[in-house]
1. Which of the following residues is surrounded by fewer than 18 Cβ atoms within 10 Å (Cβ to Cβ), over 22 Å from Thr314 (Cα atoms) and modelled with pLDDT of 85 or more: Ser412, Ser388, Ser399?
2. Out of Ala739, Ala707, report the one residue that is hydrophobic (A, V, I, L, M, F, W, C) and over 19 Å from Thr294 (Cα atoms).
3. In region 442-462, how many are charged (D, E, K, R) and surrounded by fewer than 16 Cβ atoms within 10 Å (Cβ to Cβ)?
4. Which residues, counting only those in region 301-352, are crowded, with 20+ Cβ neighbours inside 10 Å, closer than 30 Å to Arg267 by Cβ and hydroxyl-bearing (Ser, Thr, Tyr)?
5. Please determine, by comparing only the residues of region 735-764 that are in contact with a Leu (Cβ under 6 Å, 6 or more places away or on another chain) and either over 30 Å from Gln198 (Cα atoms) or at pLDDT below 95 (or both), which one is surrounded by the fewest Cβ atoms within 10 Å (Cβ to Cβ).
6. Could you list, in sequence order, the residues of region 209-246 that are over 22 Å from Val158 (Cα atoms) and buried (at least 19 other Cβ atoms within 10 Å of the Cβ)?
7. Limited to region 700-712, what total is found for residues that are among the aromatic types (Phe, Trp, Tyr) and buried (at least 19 other Cβ atoms within 10 Å of the Cβ)?
8. Which of (1) under 23 Å from the mean Cα position of the chain (by Cα); (2) in a loop (DSSP other than H, G, I, E, B); (3) among the hydrophobic types (A, V, I, L, M, F, W, C) does Leu708 not meet, given it meets every other one?
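The values are calculated or read from the model by the stated rules, or taken from the named source; none is laboratory data. Since the structure is predicted, the reported quantities are computational estimates derived from the model, not experimental observations. Because the Cβ atoms are built from the backbone with ideal geometry, glycine has one as well, and the counts that use them run over all protein chains shown.
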Amino acid sequence: MKRRNSYILASLAALLLTGGSVTGVHAAFDENLNTYTLDAVVVNADRTKNQFGDTITEQSYYRTGGDVKVITREEIDKRHYTDVTEAIKRVPGVTFTNAGYRGGEYGYNSYNNSMAINGDSRVIVLVDGRRVDNTTSTRFGDRASSAGRTMVDLNQVVSMADVDKIEVIKGPGASVYGADATGGVINIITRKGTTENQGTIDLSTGSWKKHIYTVTYSGAAGNDKSWKYFASVTRNMAGNSKYHDGLTDRDHTYTGTNYKEDGVSLRVDKEISDKQNLKIWYNHQNGKDGYPITARDWRYWSQSDWNRIIERTTRPGGYGNTDNPGYRNLFSLDALSGSYNAYRNNDLDVSYTFNKDNGMESFVRFYNQQHHYWGVDRYPSWILDDGSYVPFPDSPEWSSFIKNYKFSRGLSPTTTYDETNRGVQLQYGKSIGINDVLASITYDKAYMRKVSLNRKTNKNEITTVDRKSLFGFVQDKIHLNDHWDLTPAIRFNHYTDYTGGKYSGVGGDTIWTPTLNTEYAFSDSLSAYLGWTKVYRPIKARDYSLKTPNGDPLKEEKGDVYTLGIKKDFGENTELAVHYDWTDMSNAVTYYSVWDTSKNDFSSKAVNAKEKKKSFNITLDRKINDKWNVSWAYTYLHDKWEAKDGEEFDPDISLSTNSNVNTMINKLRPANHYTMNVSYEQGKWYTGLLANWYTGCDTEAFTHKRALVLDWNLNYEINKSLSTYVTVTNLTNQAYENAYSAYNGKGAAPQPGRAFMIGAKYKF
């Protein structure tokens, strides 16, 4: 099979396609993928793909077909991504609610850091193939309608210095991941040691007092150099960022977007034989973020509007942007009064691989996660004890007030989470004739201790929750012939009841979810894949206390996900790929405004509803010559929700120009989103340009109908040891948003304005 030596993972802007709702689309180059390390084996350029044209990754034996993008270490070095979020948002179909800011609303909840793949927020995050979430965590919500999102903050997982590759797997794809991975999987693969001792010092500085300092060192020990190690130390920090406000057409500071993060990581590998190896990985991360809940509405940032907003909150219906324009300005008090959130994580992962058979690894793994999160909420009351209003932050009285204000607990944390997650996993793979059989079982024990301040009593309330889980799967990849693979599989999840906390004694469940995937190569240049996954997703702890409008308890989420894809090579330098997902949920849990007979009016209630979601990705990668690479991308997404069980959705819940729920859902994102990614490399020079063009934005939700966002970087290799670089994000200082909140109004979640970084990297 003919495959080009330099593969570009990026995306296609189908400029001839218009209409429809489109998710955020970003391109991801897998540039100059001549060789890369797969476990202990170096794979040559012609082995980066299998006979179906699939990129070979650490997760390849779990999948049959599927849409997979790989962000390599080479790309990370050339593009100078500062964190995992920045790297992943380049992948077509991947969107973040508030990408660009480290904190978010109550950062230890990470509400502003939710992620979706092809519009589905049920995405799981892996490190070296292991899940890094915690089943008892309530930082992301304790009900299905609010917690159907990624249960991990990507910016707190691992430093970019420790990342070897990032695999983005769209759609369910394989039984190993579970029913909560219907959107897809993010697998972060850590770096391992090198045969020769070597190190790097990478220093950069730029806009908004942003500084990144990184030191890495890797090498080998022992007479046979079978012990390999990699270590890194990183500091990443920045002051408050700026953005171009689409409502006022001016640049403003986004208070609370400051952060400081430190990381230390060590990975040690022992190569015992070709089929046996030991891996020990330790990772420490700690950081402190501000409180960028929303951006201010600068149209109403004045003393008179400040008094008007506070006075209006004392009346019925005074909350929210619609009834009280500029209301979100009150949230600026969090950042201005010194509120912050912080974390400290320690992760240990030890695995012993005792056999490898036809690409499948047999191993035993032990892991232990110790995560500590806390936040200080110094938010003052709007109306003080004497009946006066809190001073306007730009008034002369503010400085004296905030200095002397008696907060309920001073600088003590108002919320603290201690989360422990430990477990053991056994996986075994065996090739038997045309069958590659793979099985795994994991025992997981999760614990959460939450301490929160009761503002009424001014006392701390303590909650502890325990939960044990058993996860397993069995799959058989059947090689019917040289052109056709068929993979049936089944997964089971067993959860014990929650022990402790308000919802103790609920949550126990045993879930079986089958999958069936197949892939067929019609020729050396054309292949297709087809997949089906059964979805059975348990509801969250709080859901057990919620009732639907007709008084029935909430039911588990159930449905089916179908995947279809085609890949076509046009010669050795051009590749076209089309990927389609269809999600058909018979029971999807959410909150909607539903007719409430008890109130004789519409009100927000938890509901089970039917959901039909379609997503479509088309990508085109083109290697023009040895110097130029270019790619284009287009992604389409459409949702449709239907009420059931006699319930009725509010027909006027949406934007004022719309008349139904589904119109609202699909208008709360750009109608069209195109991407082009270009790179040029000549001698010691490398430059890349990423262009994202958003069009068809509804101006009741967004400040502009369209936005063109350009990111550019330039590298120059002074010599073999020293290189310099420049990166510029949002080159034209475009005002744009990627999320809308009816509560806070449009323009509440602006993306960062133009920013630059200059740096130098020294190898020794």
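1. Ser399
2. Ala707
3. 4
4. Tyr343, Ser351, listed by residue number.
5. Restricting to residues being in contact with a Leu (Cβ under 6 Å, 6 or more places away or on another chain) and either over 30 Å from Gln198 (Cα atoms) or at pLDDT below 95 (or both), the top hit is Tyr740.
6. Within region 209-246, Ser241, Lys242, Tyr243, His244, Asp245, Gly246 meet the criteria.
7. So the answer is 1.
8. Checking Leu708 against (1) under 23 Å from the mean Cα position of the chain (by Cα); (2) in a loop (DSSP other than H, G, I, E, B); (3) among the hydrophobic types (A, V, I, L, M, F, W, C), the one that fails is (2).
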